[in-house]
Amino acid sequence: MSTVQVGGVEWQIYNPQGKRRVLVTKKLVGDRWLRELENADCRVEVCESREILSNQQIAEAIGNRCDAVIGQLTEKWNDDLFGVLKKAGGVVYSNFAVGFDNIDIAAATKHGIPVGNTPGVLTEATAEMAVCLTYAAARHLLEANKYLVEGKYKSWLPDLFLGQQIYRKKLGVIGTGRIGSAYALSMVRGNLMDIVYYDKFTNKKMEQQLEQFNQYLKEIGEKPIEYKNAASMEQVIQEADIVSLHPNLDSSTYHLMNAERLQLMKPNAILVNCARGPIIDEAALVEHCKQNPGFAAGLDVFEHEPALAPGLKDLPNVVIVPHIASATFWTRSAMATIASLNIASILKGYPCWSSGDMTPFVGEPGGNGEPPSDVPPLAAPSILNAKELGLQSLQPSKAAL
């Protein structure tokens, strides 16, 4: 395989004879994504650098001819960059992420460029990480690990790293979409927790599952759990022993957890964020954790990623990991496949999938990443601005015919 140097970084070239040129701004997981692009007669150029590319570097890589790009959440896809892609003959862009707050969708639409993302395959992995952070924060896991490896452990002591017990406590969840409800059900079922959640709409499916769980508890002689959709976020924050954040990031949720709302939480509460960093005012969180040593937090995302607020990494009551909630092999390879199918399908002129169910494209979570049938739907799995661009849609019922 050959390489080229563009924008001061190296790009690996796959299928150099392909008629369509596709840029991929980071090396992706698995190999099916590459096969899908090669099968669409694409020359694929993959950036080998692990650093975040600037818009200038991306523009230089796009050059005078580029049909499509798979980009990252860390890149700012604005009007100028979409203009560069359009001028080079670009017809589609896909984010390697379910989130898209890094993309100016209106600008892409103005330039006639469909924008893809990778939903429906991060649910279980992200919910699992939220569970991990909850336990780690509650039981001083990283602090205790550091104590041990630094040779400070000399003897068992009755009061060594006393943490918060989760069993039968009250769970608070803000945002009960796929990830929020998966986290909630895992915590409630595993720890018999009561739950108070806030969502604009009552999550009837989740409540039905909680009621079924209550029936099981009654059958085995256990006390049922209590659940309710709170009237406000403040009610969740004040009542819950653990608060896990799962809303989308927009103007209404920016700094949702500010100094005022942090003060409403119990002094020994636990705050978990696997959603988006700017949902928390990080400077306010640092100060709150300093003033409340019994308080704990578990964070996978940060306000100014990859930078951390001053003092955050030094807090003993905060567990931080580098945005790895979706970092399981199945999830990241499924994301890569969906991103590549967004590109390949638009290039082939296929319609856009009208369902959020990605199973027909990548199979069930934990599987081999292949579709359940020999031929996946001939459609782009997830195009965010399909309606605005007037793109044809494909109904799942018709795909099965």
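Taking 1 over the mean of 1/r across every pair of different Cα atoms in segment 134-181, what Kirkwood radius in Å do you get?
When all Cα pairs of segment 134-181 are included, the Kirkwood radius is 13.2 Å.
In a Debye calculation with equal point scatterers on the alpha-carbon sites of the chain and no solvent, what is log10 I(q)/I(0) at q = 0.06, 0.12 Å⁻¹?
Debye intensities relative to I(0), on a log10 scale: -0.28, -1.01.
Can you compute 3J(HN,Hα) from phi for each residue in segment 51-64, using the Karplus curve 6.51 cos²θ - 1.76 cosθ + 1.60 with θ = phi - 60°, rounded to whole Hz and x for Gly and Pro?
7, 6, 6, 7, 4, 5, 5, 5, 4, 5, 5, 4, x, 8
Pull up the cross-link candidates among the lysines for K290, meaning alpha carbon to alpha carbon under 20 Å and not fewer than 8 places away within one chain.
Excluding near neighbours in sequence, the set is K146, K266, K313.
Between exposed trypsin sites (Lys or Arg not before Pro) in the chain, where DSSP calls loop and at most 13 other Cβ atoms lie within 10 Å, what's the longest gap?
201-401
What distance in nm separates the two pseudo spin-label positions at L160 and D79, each 7 Å out from Cα along the beta-carbon direction?
So the label points at L160 and D79 sit 6.2 nm apart.
Rounded to a whole number, what is D in µm²/s for segment 242-366 from Stokes-Einstein with the Kirkwood radius over alpha-carbon pairs (10 °C, 1.306 mPa s)?
Roughly 95 µm²/s, to the nearest whole number.
Can you give the local net charge around Y147? Use residues other than it whose beta-carbon is closer than 14 angstrom to its beta-carbon, Lys and Arg +1, Asp and Glu -1.
Net charge in that neighbourhood comes out at +1.
Please turn the phi angles of segment 139-149 into ³J(HN,Hα) values with the Karplus equation 6.51 cos²θ - 1.76 cosθ + 1.60 (θ = phi - 60°), one per residue in order, whole Hz, x for glycine and proline.
With the stated coefficients, segment 139-149 comes to 10, 6, 4, 6, 4, 5, 4, 4, 4, 6, 5 Hz.
Work through the residues other than A68 whose Cβ is under 13 Å from its Cβ and net out their charges, Lys, Arg +1 and Asp, Glu -1.
+3
Calculate the all-directions average of the projected area of segment 1-123's alpha-carbon convex hull, and give it in nm².
Directional mean of the projected Cα hull area for segment 1-123 stands at 7.3 nm².
At a threshold of 8 angstrom on Cα-Cα distance, excluding pairs fewer than six apart, so keeping six or more, what relative contact order does segment 192-309 reach in percent?
22 percent
At 7 Å along Cα-to-Cβ for each site, give me the label-to-label distance between Q12 and E287 in nm.
About 4.7 nm, to one decimal.
Once you have the Cα-Cα distance between D357 and K205, take 0.36 nm times their residue separation minus that, and quote the gain in nm to one decimal.
Computed gain between D357 and K205 is 53.1 nm.
Given R₀ = 25 Å, FRET efficiency for E364-I324 by Cβ-Cβ distance, to 0.05?
0.70
How much length is gained on full extension from D250 to E222, taking 0.36 nm per residue of separation minus their Cα-Cα distance?
Length gained between D250 and E222: 6.0 nm.
With Cβ to Cβ distances under 14 Å as the rule, what net charge do the other residues near Y254 carry (K, R +1; D, E -1)?
My count for the surroundings of Y254 gives -3.
Using 0.36 nm times the number of residues separating N64 and K19, minus their current alpha carbon distance, what extension gain do you get?
14.7 nm
Looking at segment 123-320, I'd like the Rg to Rh ratio, where Rg is from alpha-carbon atoms and Rh is Kirkwood's inverse mean 1/r.
0.98
Once the Cβ-Cβ distance between Q392 and K152 is put in as r, and R0 is 60 Å, what FRET efficiency do you end up with, to the nearest 0.05?
Once the sixth-power term is evaluated, E becomes 0.40.
All of the numbers you see were taken from the coordinates with simple rules; none came from a lab. The shown structure was predicted, so the numbers you read here are calculated from the model rather than taken from an experiment. Note that we place each Cβ from the backbone using ideal geometry, even for glycine, and neighbour counts take in every protein chain shown.
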